[in-house]
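In what follows, a structure is listed as structure tokens, so that the remarks can point back to it.
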Amino acid sequence: MIRFSENHSLKAHNTFGIDAKAKYYFEFTELEDLEVFLKSNQSWKNEKLIVLGEGSNILFLNDFDGLVIHPNVPGMNSVWEDRNHEWIEVGAGEVWDEFVEYAVNRGLGGAENLSLIPGKTGAAPVQNIGAYGQEVCRLVEKVKGFDLEKGCVAEFTAAECEFAYRNSIFKHYLKNRFIITSVIFRLDKFPEFNLGYGQLEKQVKEKGEISLSTIREAVIEIRSSKLPDVKNLGNAGSFFKNPVVPKELAEQLQVKYPELPVYAAENNQVKLAAGWLIEQAGWKGKRLGDAGVHAQQALVLVNYGKATGNEIYALSEDIFDAVNTQFGVKLEREVNCI
């Protein structure tokens, strides 16, 4: 199935609910349809281009004067298994949390801590999504898709994806050049449960037996209690990354703020909780017009209805300045501002 239109509303394609429009919009469900479209419409090379999934990590500041490509490829299929693992290929257009549910129901471990993260599966390796001590890079076996510059299909192993904290080669060198059509994940038949992050272990044990299902249930409960449902309140989840700073700076801050949450990182650095910093700077629950900071989670900026992308961006700038002034820590946006 293909869909092509002009002056296309992107309101349903970004979880902030910003009513931006795209000059051109192309949606496909089969790789062959993408190849035909590109070959028969050479003018696309003269247009600005973005690849858009569910838009769960995007803030549109204006209309997009170019071509939006939406890879809506379906499918979840087992492609290989051995005694310890099973490899599942998932189409880029599949909802991420539906894949997590699929894996848990099959008794396959690895994705359960990533339950209820919004977005499509094709976006998961781009952002290297993560939560509760797990990152998707630990599950990725291969990323498959189409290279617009070379005009051919291509695939990347996990090592070639250059994964880092909320980062990958698809966010930089291959940004809007490589269109992900499917991802192959390696899941565990005999999973080792990852309960060492935050309140997760306590929440799981309250349910009795520790299992993939109870971990998923606990993660959903925790996320639902802290994070607004995008169907009811426009947001893109965590707006800022948790900053990674030198260990010495964290130690200095802990003298003044003993309760500062600090997590281990590599290369003599530590990770700070961005939400805590924002809350301490006085922004939790604040609202400027229809742009605001969520009352339960300061890391989440929300659209109460009619906020523009520029109003939400301006709010993020104010938060950035406040945290930098108070703590000497520069936040980095996790959301991609277009």
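The values are calculated or read from the model by the stated rules, or taken from the named source; none is laboratory data. This is a predicted model, so every value here is computed, not measured. Virtual Cβ from ideal backbone geometry, glycine too; neighbours counted across all protein chains shown.
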Filter region 60-80 down to the residues that are closer than 27 Å to LEU139 by Cβ and in contact (Cβ under 8 Å) with a residue 12 or more places away in the chain and list them by number. ILE69, HIS70, PRO71, ASN72, VAL73, PRO74, GLY75, MET76, ASN77, VAL79
Scanning for something in a helix (DSSP H, G or I), of a type in the set (S, T, N, Q) and touching a strand residue (DSSP E or B) at 6+ places or on another chain (Cβ under 7 Å), does region 316-332 turn up at least one residue? yes
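Run down GLY91, GLY119, GLY145, GLY133 and say which single residue is modelled with pLDDT under 95 and closer than 26 Å to LEU38 by Cβ.
On the way: GLY91 fails: modelled with pLDDT under 95; GLY145 fails: modelled with pLDDT under 95; GLY133 fails: closer than 26 Å to LEU38 by Cβ.
Within the list GLY91, GLY119, GLY145, GLY133, the selection yields GLY119.
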Subset of region 34-65, residues small (Gly, Ala, Ser) and either part of a loop (DSSP other than H, G, I, E, B) or at positive phi (or both), comes to GLY53, GLY55, SER56
Hey, LYS247 hits all of (1) over 23 Å from ARG138 (Cβ atoms); (2) touching a residue at least 40 places away in the same chain (Cβ under 8 Å) but one; which does it fall short on? (2)
Scan region 223-244 for residues that are surrounded by 15 or more Cβ atoms within 10 Å (Cβ to Cβ) and either among the polar types (S, T, N, Q) or without any contact (Cβ under 8 Å) to a residue 40 or more places away in the chain (or both) and jot them down. ASN235, SER238, ASN242
In region 37-59, how many are acidic (Asp, Glu) and without any contact (Cβ under 8 Å) to a residue 40 or more places away in the chain? 1
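Each row is one residue, and each column tells you yes or no for (1) more than 21 Å from ILE18 (Cα to Cα); (2) of a type in the set (S, T, N, Q); (3) assigned by TED's automatic domain parsing to the domain that holds ILE312; (4) assigned to a helix (DSSP H, G or I).
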| residue | (1), (2), (3), (4) |
| --- | --- |
| VAL219 | yes, no, no, yes |
| ASN235 | no, yes, yes, no |
| VAL245 | yes, no, yes, no |
| GLN296 | yes, yes, yes, no |
| LEU301 | no, no, yes, no |
Taking the residues in region 202-220 that are more than 20 Å from LYS120 (Cβ to Cβ) and surrounded by fewer than 17 Cβ atoms within 10 Å (Cβ to Cβ) as candidates, determine which candidate is modelled with the highest pLDDT. SER213
Go through the residues of region 239-248 one by one and say whether even a single one is out of contact with any strand residue (DSSP E or B) (no Cβ under 8 Å at 6 or more places or on another chain), at pLDDT below 90 and of a type in the set (D, E, K, R). no
Screening VAL79, VAL73 for residues that are exposed (fewer than 14 other Cβ atoms within 10 Å of the Cβ) and either modelled with pLDDT of 95 or more or at positive phi (or both) leaves only VAL79
Given the condition over 30 Å from GLU317 (Cβ atoms) and hydrophobic (A, V, I, L, M, F, W, C), answer yes or no: does some residue in region 46-61 qualify? no
Which of the residues that make up region 1-33 are part of a helix (DSSP H, G or I), surrounded by fewer than 20 Cβ atoms within 10 Å (Cβ to Cβ) and in contact (Cβ under 8 Å) with a residue 40 or more places away in the chain? LEU31
Flagged in region 252-286 as touching a strand residue (DSSP E or B) at 6+ places or on another chain (Cβ under 8 Å) and at positive phi, in numbering order, are ASN268, GLY285
Of the conditions (1) of a type in the set (A, V, I, L, M, F, W, C); (2) closer than 27 Å to GLU54 by Cα; (3) at pLDDT 95 or above, the single one that LEU277 does not satisfy is (2)
